[in-house]
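Asker: Okay, here's the structure, questions in a sec.
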Amino acid sequence: MSRHLRRRSIWRTSIRTIRIGLPGSLAAASIGLMIAGIVGTTASPATAADATVGLGTAAQFAVLAGSTVTNTGPSVISGDLGLSPGSSVTGFPPGTVINGAEHVSDALALQAKNDLTTGYNDAAGRPTAADVTGVDLGGITLTPGVYEASTGMALTGTLTLNAQGNPAAVFIFKAGSTLTAAPNSVVQFINGGSPCNVFWQVGTSATLHTATRFIGTIMANASATLETTASVEGRVLARVGAVTLDTNVITAPICSAATATPTVTPTVTPTVTPTVTPTVTPTVTPTATGTPTVSVPGTGGTSGGGSSTAGPTPTSTSTVVSGGSDSGTATPVGEEVIPSGHPHTGLGGTQRPSGAPLFLFGGLAAFGAFVSAGLGFRPTDKRHRR
């Protein structure tokens, strides 16, 4: 019996120990997993693909500041250099601006500053995928996503960004206050990636110490400082304060439209139905033109005078003939005209056609009258001679 009670006591004690120790074990396991996830080889926040941050006209600037831009040494700025609303840009030369121009307090610089503010607010408002507060980013590898530190963000050593073969992979880092990269620190890509899609939203100021090699667009709310030989493959943009340079190389990336999702407006090609104009062929009604008659003038001699008219040709035009006129012209309408005193009737006027014999007779009579009129003087001459 006593042995049985002792076993039950041990069992209850074991259960009590497990119940008491369980929460502590889970907490320890959780902390271990979090540290392993962030500080280990790769951190993979479970988020959908993030959209890039739109910069508008600020995207063409390699350096953009609010108060001043100051340079020491032969810095090379590839892209535009802008300042607004300040007006003091010093150190160029010996610094040079290539593949761009200086825009000091002009309309483009002002617009770029406004677009920078829009992009800054966009990045600050993105939902956080992983909290890296108090974690140095050096020595770790991160996959695409949004990372936030509620205070300052530090980089000592090498930060590797694994794009996982996606050229449009987006990395957004949100620092509650400062961003500080220790000397000789490096940000690098593996498996693709583009500087166009890496953004550092900094609550106050950003500082890249000597010989740092950095990737991405720095959007500092206050100021940005690059120490000797630090380089940036991206942009250095300060909303309110100054950008200070010292023998640096800053190269603004050329970003294609593929990093954004364009809105496609389809082009509608209308179907055109041609209007056919019929060709009208006019109907021509010919107008008959009569053939004029030939008037033979009389001599007024023994031939009886008057005028003789050759055989008529009918026309569709009515003609009025003046009787007794030696010079009148007759144009008959479907009827024969017989001059006044003609031997055929002895009277002037018109007569209905009587067929081919009458037409022939009239023609012979007219010819005879013509011959008589031309030769009538000869008998008279013979009588005078006798």
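Asker: Looking only at residues that are open to solvent by 40 Å² or more (accessible area, probe 1.4 Å) and assigned to a helix (DSSP H, G or I) in region 91-116, which one is farthest from T158 (Cα to Cα)?
Answerer: Checked region 91-116; the qualifying residue farthest from T158 (Cα to Cα) is A107.
Listed here are the residues, each with its yes/no results for (1) over 22 Å from T228 (Cβ atoms); (2) part of a strand (DSSP E or B); (3) touching a strand residue (DSSP E or B) at 6+ places or on another chain (Cβ under 9 Å); (4) open to solvent by less than 20 Å² (accessible area, probe 1.4 Å).
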position	(1), (2), (3), (4)
D50	yes, no, yes, no
G54	yes, no, no, no
A59	yes, no, yes, no
A62	no, yes, yes, yes
N71	no, yes, yes, yes
I77	no, yes, yes, yes
L81	no, yes, yes, yes
P85	yes, no, no, no
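Asker: Okay, next question. Out of T160, T133, which single residue is more than 21 Å from A58 (Cβ to Cβ) and part of a strand (DSSP E or B)?
Answerer: Selected residue: T160, the only one of T160, T133 that is more than 21 Å from A58 (Cβ to Cβ) and part of a strand (DSSP E or B).
Asker: Of the residues that sit in region 184-202 and are within 16 Å of P167 (Cβ to Cβ) and among the β-branched types (V, I, T), which one is surrounded by the most Cβ atoms within 10 Å (Cβ to Cβ)?
Answerer: Selected residue: V198.
Yes or no, residue by residue, for (1) open to solvent by less than 30 Å² (accessible area, probe 1.4 Å); (2) of a type in the set (S, T, Y); (3) in contact with a Pro (Cβ under 9 Å, 6 or more places away or on another chain); (4) under 24 Å from T229 (Cβ atoms):
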site	(1), (2), (3), (4)
V146	yes, no, yes, no
T151	no, yes, no, no
A154	no, no, no, yes
A163	yes, no, yes, no
P167	no, no, no, no
K174	yes, no, no, no
A182	yes, no, no, yes
T207	no, yes, no, yes
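Asker: Please work out which residue is nearest to A59 (Cα to Cα), limiting yourself to region 100-113 and to residues that are under 28 Å from the mean Cα position of the chain (by Cα) and without any contact (Cβ under 8 Å) to a residue 24 or more places away in the chain.
Answerer: The selected residue is A101.
Asker: Which residue pairs have Cβ atoms closer than 8 Å, lie 6 or more positions apart in sequence or on different chains, and pair a first residue in region 232-249 that is assigned to a strand (DSSP E or B) with a second residue that is crowded, with 20+ Cβ neighbours inside 10 Å and among the aromatic types (F, W, Y)?
Answerer: Matching pairs, first to second residue: V232/F214; E233/F214; G234/F214; R235/F61; L237/F61.
The values are calculated or read from the model by the stated rules, or taken from the named source; none is laboratory data. Keep in mind the model is a prediction, meaning the values are calculated, not measured. So basically every Cβ, Gly included, is an ideal-geometry build from the backbone, and we count neighbours across all protein chains shown. Remember, those area values only see protein heavy atoms, side chains included, never the ligands or the DNA or RNA. Shrake-Rupley method; radii C 1.70, N 1.55, O 1.52, S 1.80 Å.
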